[in-house]
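Here the structure is laid out as structure tokens; the discussion comes afterwards.
Any read-out appearing in this document is the output of simple, stated calculations on the displayed coordinates, not a laboratory observation. Keep in mind it's a predicted model, so treat the numbers as computed, not measured. Positions of Cβ are backbone-derived with ideal geometry, glycine not excepted, and every protein chain shown enters the neighbour counts.
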Amino acid sequence: MQQLAVSPEFDFTSESYKDAYSRINAIVIEGEQEAHDNYITLAQLLPDHKDELQRLSKMESRHMKGFQACGRNLSVTPDMEFAKQYFSQLHGNFQTAAATGNVVTCLLIQSLIIECFAIAAYNIYIPVADDFARKITEGVVKDEYMHLNFGEVWLKDHFEESKAELEQANRQNLPLVWRMLNQVEDDAHILGMEKDALVEDFMIAYGEALSNIGFTTRDIMRMSAYGLTA
Ligand code: Y39
Ligand code: FE
Ligand code: FE
């Protein structure tokens, strides 16, 4: 029996698709590489959770290899230079926080913001992906929920003493995500991913995470508003 394509309007071999893919695929590969490095750093900062965090870091490097295969499958060369630049500010903020022992800020950046960004992007990508990439991405997104859960549980257990640092880290980093989304809006659209849907999925996942950690609805509204000023 013939399987109907979900989105017959996508020509995965067209030059415009491959051009947009060279940047989005690179962002995902670079993001997974940095997520791997960030969990190694977190394993050093949280020795009680060393084994679990090292396991998460290994998952991230598997994700990276999966997405590299997606690019190869479409004969696309990822633009890694662009992707490094893309993450540089968020990456810099993580590095600074790690160097000063601000583990709460590190967790907010990697396990809440970056994981929610991944969850939104991968869920929106799955229905419009080519068959090969869809299977890979479906496997990856399940792991990302586990990564988000790690951050939620730790921050919930340390909520009172982390609250002020979380608010400050949110204020510093949420606007960066907004700028990052704006920067790839056109490329994402070519792949069939709409910015509105990405923003909506991100805010739902991020708001839910903040709620699970212990923030009130009022706190969450206030914290979310920092995205709007980007
Ligand atoms: O924890 C993780 O695996 C995160 C690194 C990955 C984030 C990937 C960021 C994807 C953004 C894609 C933007 C598409 C519009
Ligand atoms: Fe990942
Ligand atoms: Fe992850």
With +1 on the Cβ of every Lys and Arg and -1 on the Cβ of every Asp and Glu, the dipole magnitude of the chain about its Cα centre, in debye rounded to the nearest 20, is 300 debye
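Expressed as a rounded percentage, what relative contact order does the chain have, with Cα pairs under 8 Å and six or more residues apart?
It rounds to 23 percent for the chain.
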Highest GNM mean-square fluctuation among Glu32, Glu152, Glu15, for the chain with Cα springs under 10 Å, belongs to Glu15
With Cα coordinates, the longest principal axis of the chain makes an angle with the long axis of helix 217-228, in degrees rounded to 10, of 50 degrees
Out of Thr77, Thr100, Thr216, a Gaussian network model of the chain with alpha-carbon springs under 10 Å gives the largest mean-square fluctuation to Thr100
Of the candidates Leu166, Ser14, Ser75, the farthest towards the positive dipole end of the chain (Lys/Arg Cβ +1, Asp/Glu Cβ -1, centred on the Cα centre) is Leu166
At 25 °C in a medium of viscosity 0.890 mPa s, the range 86-125 has a Stokes-Einstein diffusion coefficient, with Rh taken as the Kirkwood radius over alpha carbon pairs, in µm² per second, of 231 µm²/s
Asserting the computed 222 nm helical MRE of the chain (DSSP H runs at least 4 long, -39500 (n - 2.57) per run, divided by residue count, to nearest 500) equals -26500 deg cm²/dmol
The size of the Cβ-based charge dipole (Lys, Arg +1; Asp, Glu -1) of the range 112-210 about the Cα centre, to the nearest 20 debye, is 80 debye
Relative to the compact-globule estimate 2.2 N^0.38 Å (N residues), the Cα gyration radius of the chain stands at a ratio of 1.00
From the Cα centre of the range 142-219 to that of the range 83-133, the distance in Å is 9 Å
